[in-house]
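One structure is given here, and the rest of the page talks about it.
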Amino acid sequence: MAARLVPAVKFVIKGGLAGVAVYVAYDQGLLGSGTQGAEALKKAQAALPPAIQEWTSYIGWEVRTVQMKTLPPTPKFDFSPSDAWNKGVQTVMSALSVAPARACEYTVEGWKYVKDLVK
C-alpha cells in the first residue's frame, strides 16, 4: 500500500510546487504584457541586494561594510530578458505554424518508405 502511495504523494507535491510557481509568476506580473514584466524585473533588481544582506545576517555570515566598499562593482550584462523571451516565443510560434505541413511531408515520406520495403 505504501509503495503505491509514495509516487502519488511525490506527484501531488511536484504539481503543487509547479502550481505555486505559476501563481507567483502571474501575481508578480511576469505573465502579463512586456511593460508589466519590465516592472517586475525592476522590482526584483531593487529587492535583491537587501534580501542577500538579510540572508547572510540570518545565516551568521558577517559581512562588513568596509569589505563591501573594497569589492569591485558587479559586472553589467547587456542582456534583455524581454528580448530573449520574445525571440523564444517567435521561434516556438514559427515551429508550431509549420508543424502541420511538416507532419504531412513526413507522413508521405514514411508511406513511400514502407511501400518500398513491402515491394
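The values are calculated or read from the model by the stated rules, or taken from the named source; none is laboratory data. Please read these numbers as outputs of a predicted model, since none were measured by experiment. Methodologically, a virtual Cβ is constructed for each residue, glycine included, from the backbone with ideal geometry; neighbour enumeration extends over all protein chains shown. The protein model used for the area step is the full one, side chains on, heavy atoms only, and it has no ligands, DNA or RNA in it. Shrake-Rupley method; radii C 1.70, N 1.55, O 1.52, S 1.80 Å.
The set of residues in segment 80-118 being over 30 Å from residue 41 (Cβ atoms) and basic (Lys, Arg) consists of 102, 112, 115. For beta carbons closer than 9 Å, sequence separation of 6+ or different chains, a first residue in segment 11-28 that is on the phi < 0 side of the Ramachandran plot and a second that is open to solvent by 60 Å² or more (accessible area, probe 1.4 Å) and among the basic types (Lys, Arg), the qualifying pairs are 28/43. The helices (runs of 4 or more DSSP H) found entirely in segment 21-119 that carry 3 or more residues being at pLDDT 75 or above and open to solvent by 100 Å² or more (accessible area, probe 1.4 Å) are 34-59, 81-118.
Before we move on, is residue 8 at pLDDT 75 or above, surrounded by 10 or more Cβ atoms within 10 Å (Cβ to Cβ) and out of contact with any Asp or Glu (no Cβ under 9 Å at 6 or more places or on another chain)? No: the conditions fail for residue 8.
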